[in-house]
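The values are calculated or read from the model by the stated rules, or taken from the named source; none is laboratory data. All figures in this text were calculated on a predicted structure; none of them were measured in a lab. All Cβ positions, glycine included, derive from the backbone under ideal geometry; neighbour counts span all protein chains shown. Side chains included, ligands, DNA and RNA excluded: accessible areas come from the protein's heavy atoms. Shrake-Rupley method; radii C 1.70, N 1.55, O 1.52, S 1.80 Å.
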Amino acid sequence: MTFSDYQKKSLFVHYSPSFKRSIGIEVLKDKMFNNSYGLIKYTQLMLRKNNKKSQGNFYFISSLGLNDTANFSFGIQGDWETRKYFLGFKHNQNKFFGKEYYDQYFIAGIVPYVGTYGDLHTWMMVKSKKNSLVDETHIYPILKFFKGDSLLEVGFDNKQRLDLHFVQRF
């Protein structure tokens, strides 16, 4: 998984021994602290609710610095989706390089068409992102595309900075 926005550029590789948990390594260039470092990351599915026409998920997320265990984060992430609508959020408490702050986002999306299994799926989304360290909130559109095991999200925030996320599952 690769990720790039105004805060960081990163590469994240993880293994899921079950659908309930994931453990991995993230290597990143932190633009806010002008530093590069690695993290071990852990995600635990706390709740999944499947209905006939929707699914909701609620996760505990965490990370710990590989070179400096005084760098860490923990938080929650959740989503609810149908074949036509998506709502999601994330809130993370962070302590890196002696600074404590939070980052969070909310995202909502709709599909322009409902695809079937194997089709290219497209989501039109709006994301609101806040980081307390820089005290900035950004609201911007995102396009999400996925087909099979590949996902691409691309958007530009209100300062015309790229927000890019690519996932390839194996």
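Here are the numbers for this structure:
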read-out: Listed values (1) 151; (2) 234; (3) 111, entry calculated as volume of the Cα convex hull per residue in Å³; value: (3)
read-out: Fraction of accessible area attributable to carbon and sulfur, the chain (%, probe 1.4 Å); value: 60 percent
read-out: Euclidean distance between Cα centres, the stretch 23-66 to the stretch 96-160, Å; value: 15 Å
read-out: Candidate lysines - alpha carbon under 19 Å from Lys147, same-chain residues fewer than 8 apart omitted; value: Lys84
read-out: Pairwise label distance in nanometres, Phe19 with Leu162, each label 7 Å out on the Cα-Cβ vector; value: 3.5 nm
read-out: Per residue accessible area in Å² of the chain, where ligands, DNA and RNA are left out and the probe is 1.4 Å; value: 61 Å²
read-out: Simple label model, 7 Å out from Cα along Cβ direction - Ile139 to Thr2, nm; value: 3.1 nm
read-out: Partners for Lys31 among lysines (Cα-Cα distance below 28 Å; same-chain residues under 8 apart left out); value: Lys8, Lys9, Lys41, Lys90, Lys95, Lys99, Lys127, Lys129, Lys130, Lys144, Lys159
read-out: Over the stretch 84-170 - Rg/Rh using Cα atoms and the Kirkwood inverse-distance radius; value: 1.04
read-out: Rounded FRET efficiency, nearest 0.05, which uses the C-beta distance separating Asp119 from Lys31 and R0 of 30 Å; value: 0.25
read-out: Förster radius 45 Å - calculated FRET efficiency between Ser54 and Leu11 (Cβ-Cβ, nearest 0.05); value: 0.90
read-out: Candidate aspartates and glutamates - alpha carbon under 20 Å from Lys49, same-chain residues fewer than 8 apart omitted; value: Asp79, Glu81
read-out: Scattering curve values for the stretch 8-64, log₁₀ I(q)/I(0), Debye with Cα scatterers, q = 0.17, 0.18, 0.24 Å⁻¹; value: -0.65, -0.70, -0.92
